[in-house]
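Just so it is clear, none of the values below were taken in a lab; they were calculated from the coordinates. Keep in mind the model is a prediction, meaning the values are calculated, not measured. Every residue, glycine among them, receives a Cβ derived from its backbone with ideal geometry; neighbour counts consider all protein chains shown.
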Amino acid sequence: MRQYPILLKPAYYSFRNRTRRVEPGTKLRTLALGLLAISVWAFTFYAFVKVLRYFQGIEFIGPLLATKLLSMIFLVFFGILIISNIITALSTYYLADELEILNQVPAEPSALFFSRFTESLLESSWMVLFFGFPIFLSYGVVNASPLIYYLWFPLVLAFFLLIPGTIGVSVTLLLVNLFPARRTREILLFLALLIFIAIYLMFRLLRPERLADPEAFQSIVSYFAAFQIPTSSYHPYIWATNAILPALNGWPGGNGFLSLALLMSTGLAFVFLSNWLHQGMYRRGFSRSQEAKRSGYFRRTPLDYVLVLVTFPFSPPTRAIFVKEVKFFFRDTTQWSQLFLLAALVTVYLYNFKAIPLSRAGMPTFFVQNLISFLNLALAGFVLAALSARFVFPMVSMEGRAFWIIRSSPLSARQVIWAKFGVMIFPLLILSETLIIFSNHLLQVSRFMNYLSAITMFFMTFGIVGLALGVGSMYPRFHLENPAKIAAGYGGVVYMLISMAFIGVVVALEARPVYFYFMSYFRGIPITTEEWIGFSFYFVTAAALNVIAFLLPIRMGIKSLEKIPLP
Amino acid sequence: MIETINLTKQYFKLAAVKDLNLNVRAGEIFGFLGPNGAGKTTTLRIIGGLIQPTRGTARVFGHDVVKDPVAARQIIGFIPDRPFLYQKLTGEEFLRFIAQIWNLDDRKAKMEMDRLFEVFDLSDWRNELIESYSHGMKQKLVMVSALLHEPKAIVIDEPFVGLDPRATRLVKDIFSEYRRKGCAILLSTHTLSVAEEIADRIGIIHLGSLIAVGTADELKKRVGSGDEKLEEIFLKLTSPFKEPEKLDAAVSHPT
């Protein structure tokens, strides 16, 4: 085990060098991410304090609800951590680049296991720790807990994390001996996404807004009351809950220490067990993960014929890029699987409009319908901006280290950018217009608002996609493979800020004429020709802004792409 | 032909290439040698249109690679040292992509593709995803893609890394064939025996400057007694204890 700290050093040095490296925009990015993290942290703390104080006010079942909530949090963490640990362990034990060296050096197998386990555990658990912290803090604050609680809960958490961590590694060791490592990771990522979508849809379709309704709340309270936290159980999430609870009011006592002892002994036993599995199974699995499998024969599919048909009017180079982009999308699990998420998003988006209780707004329905429809422009714009951040912004970066192929070809940067634009504009136009037209249909808005929203969204889609592609070309991150990570960089932040401002200004420009239109309708006074001319100024300015947002960033992106250094 | 005139590439304070004057004639294989970090890859990447020079000019058959990049790239076959490719395409799809980018005639491209797949022994793998190829197979595929449009100039960085002896022999024969057809070939390599075997002339670059040019025999005569191997000449010229300026006395100036 003398080698254990040595084997951890590369990870430590990499982390240290990453934090020291100052690139253009690093400070802004750190500031933006820091503010975001603090906001999420503060919001979580505030929300939990509110909820727990509310529970405190309910006689008899209030403490029970707080306890139930705590156990549910541990259960959710447990589930998330197991999946997260399996996915991380696949990388740290089988797919990471440095493994070729690490598996070749004369290191003791145990040192290798524990060093990789430490890395894997930290990587997969830090986020849960970070965002879980304000929750446990809020429990302490609301219960006015003594100092011992604040020392006790990190200890409980540490041993709690050990269990899903070791389960994750053990499951990975077994899986890789059955399936290829890369395929396993893809399947797991896809499964995790499906589970997330199912939970997301289920949560929304259960209509949690009904909690605001006191009558419905009665039944939910009685439902919760039916569940008692068992004092003895084989589930680590129950042990963690039972370990935390007594410390909230003072010395943890027998039950607290017994639960912590259960977590500790199980955690350490699992560590021992996974090390044992590692000794027996790792080499074989690693060897399997290194074997280049033939990927199967790729014959022409219906997609090829569709692509030939769709790209027929374009020049061969544009066709080539178009086909490449589409094939890439459908062959990359991290890309096409997002379509499921998109479908869930659209379903919930439209469902929300169906579920809006228009009659309870206390305003004339006509007014509310059209007001919501107008605000919907901004909301749909935001959804489109977020989708463009995920799918359009990374398009140039996704060329990755193969960017030399395009750069050394006779294609100009202009052709490349416009071809990529062509690939994305049509699906996003269909999506944005679907969101707008269907939500307006569900709201049963006026014809004027229908046309205005559809036309505005049409132009705004060009603006947003142009912005995403242009800014994405100015700040490419060729070294990253994950599109979500590409969009999370400095350029992504710049793009999101500009696109938010753009959407805001376009909607604000149209707000005045829309307001006048509805007021005149409401009062029954027709709009004069002069007023229409005055309104057209706002619409023309909004249209001009759309054209600028569309063309300027693309132009800048083309210029930047011509000069950008190769990855 | 490929020529550079006072080509310079500056990375902040470091001059990777300094006032480089190079001339590769049509129908010639020019071996470009130099120690690690001498500026070989930077020079090749500028000519290939991948990076822009700080100053100076690079032309390929009269087309300036900066002012007229599309025309220049149309006639260059560029082969980088590391074969980064589109992993999610099959070999055939990748070549079809290249053929369309170069706007080649479909039928001709298909025939040439079939021929090159056969020549490079990749026929069995043409419908497999590139991600399942070995390093050597990817290197071969890059070569096929560079030759598909029948380039007038070939710029190639370390062509033999990852290739088996049979493929190495094949590539040497192909280059000789292209030389016979009048192609200008600029080849950077660390394999001195290969340079000696196939290059008509050799240029040695050190600390960003070209310090010697000539045939292998000329270089041997200029630097040593004429009996040494090219390796000895290379080591003498690129000794870390000598500054390029001091080498002027040892070798005649490059032409």
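Measuring max minus min along each principal axis, the C-alpha atoms of the range A:29-103 give extents of 61, 32, 13 Å (largest first).
Only DSSP H runs of four or more residues enter the estimate; each adds -39500 (n - 2.57), and after division by the residues of chain A the mean residue ellipticity at 222 nm equals -27500 deg cm²/dmol. For chain A, the residue among A:GLY256, A:VAL506, A:LEU193 whose Cα projects farthest onto the positive side of the dipole built from Cβ charges is A:LEU193.
The simple spin-label model puts a point 7 Å past each Cα toward its Cβ; for A:TRP126 and A:TYR234 those points are separated by 3.6 nm. In summary, the lysines within cross-link reach of B:LYS229, defined as a Cα separation below 24 angstrom excluding same-chain residues under 8 places away, comprise B:LYS40, B:LYS172, B:LYS220, B:LYS221, B:LYS242, B:LYS246.
Counting 0.36 nm for each residue step from A:GLN3 to A:ALA192 and taking away their Cα separation leaves a gain of 64.5 nm. Here's the picture: a label point sits 7 Å out from the Cα of B:ARG222 along the beta-carbon direction, and within the range B:173-201 the residues with their amide nitrogen under 13 Å of it are B:201. With a Förster radius of 22 Å applied to the beta-carbon distance between A:SER14 and A:VAL348, the computed FRET efficiency rounds to 0.05. For the range B:67-175, a simple Cβ point-charge model (Lys and Arg +1, Asp and Glu -1, everything else neutral) yields a dipole of about 220 debye relative to the Cα centre.
A Förster distance of 56 Å, applied to the separation of the beta-carbon atoms of A:TRP336 and B:THR191, puts the FRET efficiency at 0.85. Counting only chymotrypsin sites (Phe, Trp or Tyr not before Pro) that DSSP places in a loop and that have at most 11 other Cβ atoms within 10 Å, the longest clean stretch of chain B runs over B:13-240. Counting only GluC sites (Glu not before Pro) that DSSP places in a loop and that have at most 10 other Cβ atoms within 10 Å, the longest clean stretch of chain A runs over A:292-567.
Per residue of peptide A:404-417, the mean number of Cβ atoms on other chains within 10 Å of the residue Cβ is 6. Longest stretch of chain A clear of exposed loop sites (trypsin sites (Lys or Arg not before Pro), DSSP loop, at most 13 other Cβ atoms within 10 Å, sites excluded): A:22-292. Under the simplified labelling scheme, the B:ARG180-A:PHE45 pair shows an inter-label distance of 7.9 nm, with each label point 7 Å from Cα along Cα→Cβ. Please check which bits of the range A:323-358 a label hung off B:ASP106 would reach, taking the label as a point 7 Å along Cα-to-C-beta and the cut-off as backbone N under 18 Å. From the range A:323-358, the list is A:323-324. Around the Cα centre of the protein assembly as shown, unit charges on the Cβ atoms of Lys, Arg, Asp and Glu (plus for the first two, minus for the last two) sum to a dipole of about 500 debye. For the range B:40-99, the set of trypsin sites (Lys or Arg not before Pro) satisfying both a DSSP loop assignment and a count of at most 13 other C-beta atoms within 10 Å is given as B:LYS67. Between A:GLU59 and A:SER315, the FRET efficiency from the beta-carbon distance, with R0 = 56 Å, is close to 0.15. Across the range A:1-160, the mean sequence separation of Cα contacts (distance under 8 Å, 6 or more residues apart), normalised by length, yields a relative contact order of 40 percent.
For the peptide B:103-110, the mean number of other protein chain Cβ atoms found within 10 angstrom of a residue's Cβ is 1. Taken about its Cα centre, chain B carries a charge dipole of about 600 debye when Lys and Arg each add +1 at the Cβ and Asp and Glu each add -1 at the Cβ. Full extension of the segment from A:ASN482 to A:TYR305, taken as 0.36 nm per residue of separation minus the current Cα-Cα distance, would add 60.8 nm.
Please report the spacing between the Cα centers of the range B:107-137 and the range A:155-179 in Å, no decimals. Using only Cα atoms, the two centres lie 43 Å from each other. Comparing A:PHE353, A:ASN17, A:TYR149 along the charge dipole axis of chain A, the residue lying farthest to the positive side is A:ASN17, per the Cβ-charge model.
Electrostatic bookkeeping for A:ALA488 treats Lys and Arg as +1 and Asp and Glu as -1; over the other residues with beta carbon under 12 Å from its beta carbon, the sum is +4. Go through A:LEU375, A:TRP418, A:ALA385 and say which Cα lies farthest out towards the positive end of the charge dipole of the range A:368-455; charges sit on Cβ, +1 for Lys and Arg, -1 for Asp and Glu. In the range A:368-455, that residue is A:TRP418. Extending 7 Å from the Cα toward the beta-carbon at both B:ASP164 and B:GLU231 defines two label points whose distance is 2.6 nm.
In percent, rounded to a whole number, the relative contact order of chain B is 26, using alpha-carbon pairs under 8 Å and six or more apart. Listed by chain and number, the lysines whose C-alpha is less than 23 Å from the C-alpha of A:LYS50, apart from same-chain residues fewer than 8 away, are A:LYS68. In terms of the Cα gyration tensor, with a ≥ b ≥ c the square roots of its eigenvalues, is chain B rounded because a/c is under 1.5, prolate because a/b exceeds b/c, or oblate? Since a/c reaches 1.5 and a/b is larger than b/c, the shape of chain B is classed as prolate.
Residue by residue along B:68-81, Cβ atoms of other protein chains within 10 Å of the local Cβ number 3 on average. Relative contact order of chain A: 15 percent, from C-alpha pairs under 8 Å at least 6 residues apart in sequence.
Note on the protein assembly as shown: percent of Cα-Cα distances in each 20 Å bin, starting at 0 and stopping at the bin with the largest distance, equals 12, 36, 34, 15, 3, 0.
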